[in-house]
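Okay, so here's the structure we're looking at.
The values are calculated or read from the model by the stated rules, or taken from the named source; none is laboratory data. Everything numeric here is computed off the predicted structure, so don't read it as measured data. FYI the Cβ positions are ideal-geometry reconstructions off the backbone, even for glycines, and counts take in every protein chain you see.
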Amino acid sequence: MERPGSAWLNFMNRKCDNCKSQATVHLTEIKAGKKVEKHLCQQCAEQQEGIPAGTAHTPINELLTNFVLAHSQGAKELTTNAVCEHCGMAWPDFKQGGLLGCEHDYALFEKDLTPLLQRAHDGATHHLGKVPVRRGGSGVPMKRQADLARLRKELQKAIEGEDYERAAKLRDQIKTAES
């Protein structure tokens with residue numbers, strides 16, 4: 001029976017598949033449905049796989065920070081200088097910490113947040129979770145009311161953006177949902 005942790009030690013003591021130096025880069029690929037492992041030293045990894053020096057040991061927090069910065073720079077920097085009058089939050093503060101300061105920040109930074117939310121949620125920018133089944137004051141189920149409100153908001157945005165084809169489709173969806 002193996003001692004606890006011995007598998008990890010065996011993995012960390014692997015030698016480079018090419019030159020038998022200490023392996024510091026461990027790659028796993030699936031080829032033709034089979035798992036293929038490569039264990040390489042940094043020099044062989046640079047030569048064979050094109051992995052630049054220093055990327056093998058990048059801390060996870062640095063990788064995440066770089067990811068957020070790279071993806072948020074695609075957004076138009078229209079609100080970069082804006083500061084929330086309620087909590088003092090600025091866009092660079094959000095980019096650094098990943099948390100907004102108050103509910104007003106969603107409206108203030110909407111133009112910058114929307115692309116981030118779309119990437120994180122497969123294009124969705126609004127909540128699609130549960131809605132109570134009970135009926136509202138008009139006798140219409142609340143889910144249907146919420147759907148109609150969402151469609152009307154999308155219709156308004158389509159009209160403002162002069163996307164008349166989308167506006168016509170949304171108009172038809174609203175008519176169908178109302179009947």
Notebook entry, point to check: Of all residues in the range 153-168, which are part of a helix (DSSP H, G or I) and loosely packed, with under 14 Cβ neighbours inside 10 Å?
Noted result: Lys153, Gln156, Lys157, Glu160, Tyr164, Glu165, Ala168
Notebook entry, point to check: With respect to Glu103, is the statement that it is loosely packed, with under 15 Cβ neighbours inside 10 Å and modelled with pLDDT of 85 or more true?
Noted result: yes
